[in-house]
1. Using a cut-off of 18 Å between alpha-carbon atoms, which aspartates and glutamates can reach K177, once sequence neighbours fewer than 8 places away in the same chain are excluded?
2. May I ask you to derive the FRET efficiency for N61 and A168 from their Cβ-Cβ distance with R0 = 25 Å, giving the value to the nearest 0.05?
3. Where Lys and Arg each count +1 and Asp and Glu each count -1, what net charge lies around F60 among other residues with Cβ under 12 Å from its Cβ?
4. Count charges around G174 for me, please; just the other residues with Cβ under 15 Å from its Cβ, Lys/Arg as +1, Asp/Glu as -1.
5. Report, as a whole number in µm² per second, the diffusion coefficient that Stokes-Einstein gives for the range 58-116 at 4 °C and 1.567 mPa s using the Kirkwood radius over alpha carbon pairs.
6. Can you quote the Å³ per residue value for the convex hull of the Cα atoms in the range 105-208, rounded to an integer?
Amino acid sequence: MENHISTAASSILLAGLLALLFTGFHLKECDGARVRPQEPTNTRFIRTSCSATKYPILCFNSLSSYASTIQNSPMKLAHAALSVSLSTARSTSTMMSRMCTAGRMKPREVAAVSDCMENLGDSVDELQESLAEMAHMRGKNMGLTINDIQTWVSAALTDDDTCMDGFAGNAMNGEVKNAVRGHVVKVARLTSNALALINALSSTQFSP
């Protein structure tokens, strides 16, 4: 009889312990779900849009700080991407100008950097034209305006790529080449991302 009571008591105790463990585990799961931060809608919009670009991480990192301005607007997103690309192209051109005037480069290196700066200057002009065109993206001529913007940005991307042509081969100083290449590659990638977002904007505006 005592053994029977002891067995029953043990069973009740075990069931109680299991119930407490289950409840604690369940509360922990709910707790974790409650405290896990949820990404804001506007930030998620940028992340999703950037996933369609060639360099999505760079795209998100360069645009996420503008989330409150962009909200969920493809137009504002494309405008921000162009602005970031233009700003980076300008700062890169300034950096190369300082390299030329520092007097530490060989004549061939100065010539290559100068040619690169000329291409980058064209890219800056084309990105400025693109941003100016975005102010006219309304009404019946929107399709033509987007086509013009795509043409300007594509030309800017070509100039970014051409910028590096003078640095081909092994005769160029490795430090100079790497310093310029790192900055110009970033400009080119930002411009590529901007073009992708503009192409996506075109699809959004004229999708059936």
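1. E109, D115, E118, D159, D160, D161, D165
2. Here the calculated transfer efficiency is 0.25.
3. Local charge sum for F60: +1.
4. Every neighbour counted, the sum reads +3.
5. On the way: Rh = 13.6 Å.
Taking Rh from Cα pairs, D becomes 96 µm²/s.
6. Normalising the Cα hull of the range 105-208 by residue number yields 82 Å³.
Any read-out appearing in this document is the output of simple, stated calculations on the displayed coordinates, not a laboratory observation. These figures come from a predicted structure and were not determined experimentally. Positions of Cβ are backbone-derived with ideal geometry, glycine not excepted, and every protein chain shown enters the neighbour counts.
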